[in-house]
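First up is the structure itself, then whatever we jot down about it.
The values are calculated or read from the model by the stated rules, or taken from the named source; none is laboratory data. As the structure is a prediction and not an experimental result, all values here were calculated from the model. Cβ placement follows ideal geometry from the backbone for every residue including glycine, while neighbour counts extend to all protein chains displayed.
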Amino acid sequence: MNLSKKIKELINLEVDRQQRGLILIASENYCSAEVLAAMGSPLSNKYSEGYPGKRYYSGNEHIDQIERLAQQLALEMFNLKDKDWHANVQPHSGSSANLAVYLGVLKPGDKILAMDLAHGGHLTHGSPVNFSGKLFNFVHYGVDPKTNLIDYKAVEKIALKEKPKMIVCGATAYPRTIDFKKFGVIAKKSGAILVADISHIAGLIVAGVHPSPFPYADIVTSTTHKTLGGPRSAFIICRTELAKEIDKAIFPGLQGGPLENMIAAKALCFNHALTNDFKKIQTQTIKNARALATELIKRNYNLVSGGTDNHLLLLDLRPQKINGKQAADALETADIFTNANMIPFDPASPFAPSGLRLGTPALSTRGMKEKEMKLVAELIDKVLRNFGSTRITKKAKQEVTQLTKKFPLSAVR
Ligand code: DSN
């Protein structure tokens, strides 16, 4: 087999899937051609363990400039001054960013308060199957059973009782605004370090359409490929007094050579995030999520918390009598890509949960607006209402192709 040919063929097929399909996975997006080019550049050939000006290998004159630019732009995105805040742009992923934060400022076994994964948190926020839950003593807060909103009074109560060393706020399946200011007050009262994991909403925050965790959080972690629409990577911003610990935790603590091709791509992503074009996309992402929510509610879908304030929606499919996995599989056959998700207090198993998570970042980057969200809701409903009908799914797939053809990826990538 000619492997080069095979891999090329598979890449082309994947690009075609991304063009043809409706990407409604809340954590996915399309990055730009310049970001793709930086990721595939010869910067990948260089070893640069250490930090700008303090490397363990020679030949880092240009690499240092790239990394410094990425650090400056990371702070600029959030209007932060480098005398108060420090950016580490080396984390390879959100998981390594979070691990570095825990190992940098805590000791294994220390207590951390974070959102329950089953209520919308994240694996790295203390799931027992993840390093976080194995290495640290996590206690969890969740949402109110009636409203499905974070109950800040309950969070405070747990924080004052448990006295955690750290509080982590941030989520992957929470459709509402996170009140970082309230978390800041709770952290202060209980003497905890506040970490905000803004991976899902970083783009919304930079564009000013979701409140910022600064200056309330002491440390902020984020991935760069979700609402931010950049390369598959991450970064950490912390108060300058914590910079040494965070930098040491990333290198030599847990990563080796930084991926400078990815750091260049992050710099380009951060630079784009400062533009008006980016702000428009983020504003539209929220408008689209609201429009999709309205259209689905009209079609009798139950939305966890009754709607959305951000880029994502969580459907409770119990009234439809199908589970999230069945729904995601049926939609996939129509080229509509979503993911099954637990809903708060889910009586079902994580392998066949009751929820379906939908997000609008990718469709908004493609240029879709409220008008298209109505069509998207119609298509989702058509497939789910006729669950099991191959004829209807086939028809829906054709309609998806017709719709996505009008929004070519070449226009964004
Ligand atoms: N996999 C990401 C998400 O889908 O939210 C979180 O790591």
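Looking across segment 192-217, the residues that are under 20 Å from Ser95 (Cβ atoms) and either part of a loop (DSSP other than H, G, I, E, B) or within 16 Å of the ligand (Cβ to nearest atom) (or both) come down to Val195, Ala196, Asp197, Ile198, Ser199, His200, Ile201, Ala202, Gly203, Pro213, Ala217.
As for segment 335-358, it holds no residue that is part of a loop (DSSP other than H, G, I, E, B), more than 22 Å from the chain's Cα centre (by Cα), of a type in the set (A, V, I, L, M) and buried (at least 19 other Cβ atoms within 10 Å of the Cβ). Cys169 fulfils the conditions (1) surrounded by 18 or more Cβ atoms within 10 Å (Cβ to Cβ); (2) in contact (Cβ under 8 Å) with a residue 60 or more places away in the chain; (3) under 30 Å from Ala291 (Cα atoms) except for a single criterion, (2).
Residues to consider are Ala273, Ala249; find the one that is surrounded by 17 or more Cβ atoms within 10 Å (Cβ to Cβ), within 30 Å of Leu106 (Cα to Cα), in contact with a Gly (Cβ under 8 Å, 6 or more places away or on another chain) and hydrophobic (A, V, I, L, M, F, W, C). Matching residue, one of Ala273, Ala249: Ala249. The test for being within 18 Å of Leu117 (Cβ to Cβ), not β-branched (Val, Ile, Thr) and not in a strand (DSSP E or B) holds for Ala154. Of the candidates Thr227, Thr124, Thr221, the single residue that is within 16 Å of the ligand (Cβ to nearest atom), under 22 Å from Lys244 (Cα atoms), crowded, with 20+ Cβ neighbours inside 10 Å and modelled with pLDDT of 95 or more is Thr221. Taking the criterion of being among the polar types (S, T, N, Q) and either farther than 25 Å from Lys406 by Cα or touching a Gly at 6+ places or on another chain (Cβ under 9 Å) (or both), the residues of segment 4-53 that qualify are Ser4, Ser27, Asn29, Ser32, Ser41, Ser44, Asn45, Ser48.
All of (1) more than 16 Å from the ligand (Cβ to nearest atom); (2) assigned to a loop (DSSP other than H, G, I, E, B) hold for Ala171 with one exception: (1). Looking only at residues of segment 3-55 that are within 16 Å of the ligand (Cβ to nearest atom) and small (Gly, Ala, Ser), we find that the one that is farthest from the chain's Cα centre (by Cα) is Ala26. Checking each residue of segment 131-145 against the condition of being within 20 Å of Gly191 (Cβ to Cβ), over 17 Å from the mean Cα position of the chain (by Cα), surrounded by fewer than 23 Cβ atoms within 10 Å (Cβ to Cβ) and of a type in the set (Asp, Glu) gives no match. Could you say whether any residue in segment 311-333 is in contact with a Lys or Arg (Cβ under 7 Å, 6 or more places away or on another chain), crowded, with 18+ Cβ neighbours inside 10 Å and outside any strand (DSSP E or B)? No, that holds for no residue.
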